[in-house]
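J.: Take a look at this one; I'll ask things after.
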Amino acid sequence: MTKSKNILLTLLALPLFCSTSAHAGAAAQTHSAPAASVSIYLDGARLQPEAAPLNINGNVLVPMRSVFEQQGARLSWNNTSKTVTATKGGTKLTYRMGESAAKVNGTTVSLSVPGQISGGYSMIPLRVISEALGSTVSWEQATRSVRIASAVNYETSIKWGVNVRSAADGKSSLVQPEMLAAGAKVHVIREAGALWLEVRTEDNRTGYISAKPKYTDYTSSSLLDKQADALLAYGKTFTGTPYEFGASPDQTDTFDCSSFVKRLFADILSVDLPRVSYDQAKEGVKVGLNELRKGDLLFFSARGLDIGHVGIYAGNNQILHTYSKKEGVHIEPFDGQWKERFVTARRILQQ
């Protein structure tokens with residue numbers, strides 16, 4: 001550990017709310033109190049954690065989620081064991097609430113005070129979180145401020161001009177008047193549902209941008225699952241909508257198989273698929289039956305054509321599609337005639 005970091009650790013071990021003598025007298029017992037008067041800054045921007053920091057005998061504990069995610073870490077929580085796991089790049093931190101040590105890439109790191117659950121929030125020492133994730137932490141006594149300088153990797157590229165908004169909502173205000181241009185870089189803080197990413201820009205602004213695949217090269221298995229679920233949920237809202245061969249994709253009063261698929265991908269993900277099924281079968285990448293994932297397209301022979309029908313794999317061996325004037329849009333098992341007439345599967349949503 002460098003000399004400068006040792007100095008920082010020493011500074012942060014000092015009491016933040018008590019005099020040195022008062023702290024020494026209370027060292028034998030654990031005392032917690034709200035640390036609302038402490039300000040926390042990340043790369044110059046003040047953080048507003050979801051719960052007030054705690055002072056445990058002069059050590060600052062903060063809600064883990066906001067501080068982890070704002071520093072670019074992916075967070076998972078095991079409620080049974082009360083264990084948090086944070087990963088950032090090649091670093092993995094594991095900590096079980098109440099214990100006096102954490103694991104960073106398998107190495108034990110001692111905590112000056114254990115973490116605790118307070119008011120429904122999991123609170124853990126700020127210094128350990130930040131420095132385990134590669135950040136530098138300093139304490140400013142004059143302003144009673146903790147300042148974190150993070151090592152952020154701007155890993156995601158913008159492919160198409162996109163607005164940065166103040167909330168995960170297309171109607172929310174803009175964080176900046178100009179769009180992020182193609183070629184710009186952002187750091188993804190978290191996935192805010194199927195259609196939004198919370199990001200930090202290179203000029204240190206945070207906000208939300210569209211998670212639709214046309215706008216960035218960001219992808220993950222969790223985002224693909226969310227987007228497939230959103231696609232299927234939207235498709236199910238049309239259950240019973242009448243079938244009409246040759247239906248226009250510009251309306252939703254009727255569908256044929258390929259106009260239905262085209263409309264769903266356009267409305268939910270801004271993916272522009274070809275109009276007819278045999279052209280849609282040229283999109284994406286081919287996947288085998290043993291690799292099927294929700295949202296994959298399934299193609300079948302029909303009307304004397306090698307490929308004349310398309311449906312969307314809905315998981316659990318189910319197909320969401322339309323081909324019958326009697327049933328319209330519906331879900332049914334992927335078996336029987338459909339297995340016999342199956343030709344190929346294509347994955348449009350790719351990792």
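J.: Could you look through segment 91-112, keep only residues that are open to solvent by less than 70 Å² (accessible area, probe 1.4 Å) and assigned to a loop (DSSP other than H, G, I, E, B), and pick out the one that is nearest to residue 131 (Cα to Cα)?
T.: 111
J.: Are any residues in segment 196-231 more than 11 Å from the chain's Cα centre (by Cα), open to solvent by less than 10 Å² (accessible area, probe 1.4 Å) and either at positive phi or not β-branched (Val, Ile, Thr) (or both), and if so, which ones?
T.: 200, 207, 227, 228, 231 - these are the residues of segment 196-231 that are more than 11 Å from the chain's Cα centre (by Cα), open to solvent by less than 10 Å² (accessible area, probe 1.4 Å) and either at positive phi or not β-branched (Val, Ile, Thr) (or both).
J.: Turning to a different aspect of this structure: Taking segment 69-86 on its own, how many of its residues are surrounded by 14 or more Cβ atoms within 10 Å (Cβ to Cβ) and more than 17 Å from residue 125 (Cα to Cα)?
T.: 2
J.: Output yes when any residue across segment 263-285 is among the basic types (Lys, Arg), out of contact with any Pro (no Cβ under 6 Å at 6 or more places or on another chain) and over 23 Å from residue 324 (Cβ atoms), and no when none is. Full working, then the answer.
T.: Going residue by residue through segment 263-285, those that are among the basic types (Lys, Arg) are 263, 275, 282.
This time we only want the ones that are out of contact with any Pro (no Cβ under 6 Å at 6 or more places or on another chain), so: 275, 282.
The next check asks that each one be over 23 Å from residue 324 (Cβ atoms); those that pass are 282.
Yes, the conditions are met somewhere in segment 263-285.
J.: Could you list, in sequence order, all residues of segment 75-90 that are out of contact with any helix residue (DSSP H, G or I) (no Cβ under 7 Å at 6 or more places or on another chain) and closer than 18 Å to residue 131 by Cβ?
T.: First, pick out the residues of segment 75-90 that are out of contact with any helix residue (DSSP H, G or I) (no Cβ under 7 Å at 6 or more places or on another chain): 76-83, 85, 87-90.
Result: 85, 87, 88, 89, 90.
J.: Still on this structure: Could you run through segment 165-195 and say how many residues are out of contact with any Phe, Trp or Tyr (no Cβ under 7 Å at 6 or more places or on another chain) and either open to solvent by less than 70 Å² (accessible area, probe 1.4 Å) or not hydrophobic (A, V, I, L, M, F, W, C) (or both)?
T.: Residues in segment 165-195 being out of contact with any Phe, Trp or Tyr (no Cβ under 7 Å at 6 or more places or on another chain) and either open to solvent by less than 70 Å² (accessible area, probe 1.4 Å) or not hydrophobic (A, V, I, L, M, F, W, C) (or both): 20 in total.
J.: Only residues that are of a type in the set (A, V, I, L, M, F, W, C) and either crowded, with 21+ Cβ neighbours inside 10 Å or more than 19 Å from residue 214 (Cβ to Cβ) (or both): list them for segment 266-291, please.
T.: Listed by number, the residues that qualify are 269, 273, 276, 281, 287, 289.
J.: OK, next. Where in segment 309-351 are there strands (runs of 3 or more DSSP E), lying fully within it, with 1 or more residues that are surrounded by 17 or more Cβ atoms within 10 Å (Cβ to Cβ) and among the small types (Gly, Ala, Ser)?
T.: Because the criterion is at least 1 residues that are surrounded by 17 or more Cβ atoms within 10 Å (Cβ to Cβ) and among the small types (Gly, Ala, Ser), the strands (runs of 3 or more DSSP E) in segment 309-351 that meet it are 342-347.
J.: Here are some conditions: (1) free of Cβ contacts under 8 Å to residues at least 60 places away in the same chain; (2) outside any strand (DSSP E or B); (3) open to solvent by 10 Å² or more (accessible area, probe 1.4 Å); (4) not charged (D, E, K, R). Residue 258 meets all but one. Which one does it not meet?
T.: (3)
J.: List, please: which pairs have Cβ atoms under 6 Å, are six or more places apart or on different chains, and start with a residue in segment 281-302 that is closer than 14 Å to residue 264 by Cβ and end with one that is exposed (fewer than 14 other Cβ atoms within 10 Å of the Cβ) and at pLDDT 95 or above?
T.: If the second residue must be exposed (fewer than 14 other Cβ atoms within 10 Å of the Cβ) and at pLDDT 95 or above, no pairs are left.
The values are calculated or read from the model by the stated rules, or taken from the named source; none is laboratory data. The shown structure was predicted, so the numbers you read here are calculated from the model rather than taken from an experiment. All Cβ positions, glycine included, derive from the backbone under ideal geometry; neighbour counts span all protein chains shown. Note: areas computed on protein heavy atoms with side chains; ligands, DNA, RNA excluded. Shrake-Rupley method; radii C 1.70, N 1.55, O 1.52, S 1.80 Å.
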